[in-house]
1. Filtering the range 43-54 down to residues that are assigned to a strand (DSSP E or B) and more than 21 Å from residue 80 (Cα to Cα), which residue is farthest from the chain's Cα centre (by Cα)?
2. I'd like the full set of residues that are farther than 13 Å from residue 20 by Cα and in contact (Cβ under 8 Å) with a residue 40 or more places away in the chain, limited to the range 47-79.
3. Considering only the range 55-67, state which residues are assigned to a helix (DSSP H, G or I) and surrounded by 13 or more Cβ atoms within 10 Å (Cβ to Cβ).
4. Which residue pairs have Cβ atoms closer than 7 Å, lie 6 or more positions apart in sequence or on different chains, and pair a first residue in the range 26-38 that is at pLDDT 95 or above with a second residue that is surrounded by 20 or more Cβ atoms within 10 Å (Cβ to Cβ) and part of a helix (DSSP H, G or I)?
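The values are calculated or read from the model by the stated rules, or taken from the named source; none is laboratory data. The model shown is predicted, which means the values in this text are computed figures rather than measured ones. Virtual Cβ from ideal backbone geometry, glycine too; neighbours counted across all protein chains shown.
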């Protein structure tokens, strides 16, 4: 069975990925599902932004932010999610 490699919470200084928008940088510290299983509008990521920790909807981050940094594994897993986003900015 495949395993979610982003399910372990990371420290702020070692996020899986960082997305930027006018509010600030979203440091992705954990996901709750494998990328291929995130197909619902309410899928969540655990993030750090502007001194606060909490869950955010994946779609809100992807629709209003652009990727500025990511692990190679993140790039492989989420390439379908960021290609159209990066090109918009």
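1. For the range 43-54, the residue satisfying everything is 52.
2. Matches in the range 47-79: 71, 73, 74, 77, 78.
3. 58, 59, 60, 61, 62, 64, listed by residue number.
4. Partner pairs satisfying both residue conditions: 26/61.
Yes/no matrix, rows are residues, columns are (1) in contact with a helix residue (DSSP H, G or I) (Cβ under 9 Å, 6 or more places away or on another chain); (2) part of a helix (DSSP H, G or I); (3) loosely packed, with under 15 Cβ neighbours inside 10 Å:
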residue: 6; (1), (2), (3): yes, no, no
residue: 18; (1), (2), (3): no, no, no
residue: 29; (1), (2), (3): no, no, no
residue: 41; (1), (2), (3): yes, no, yes
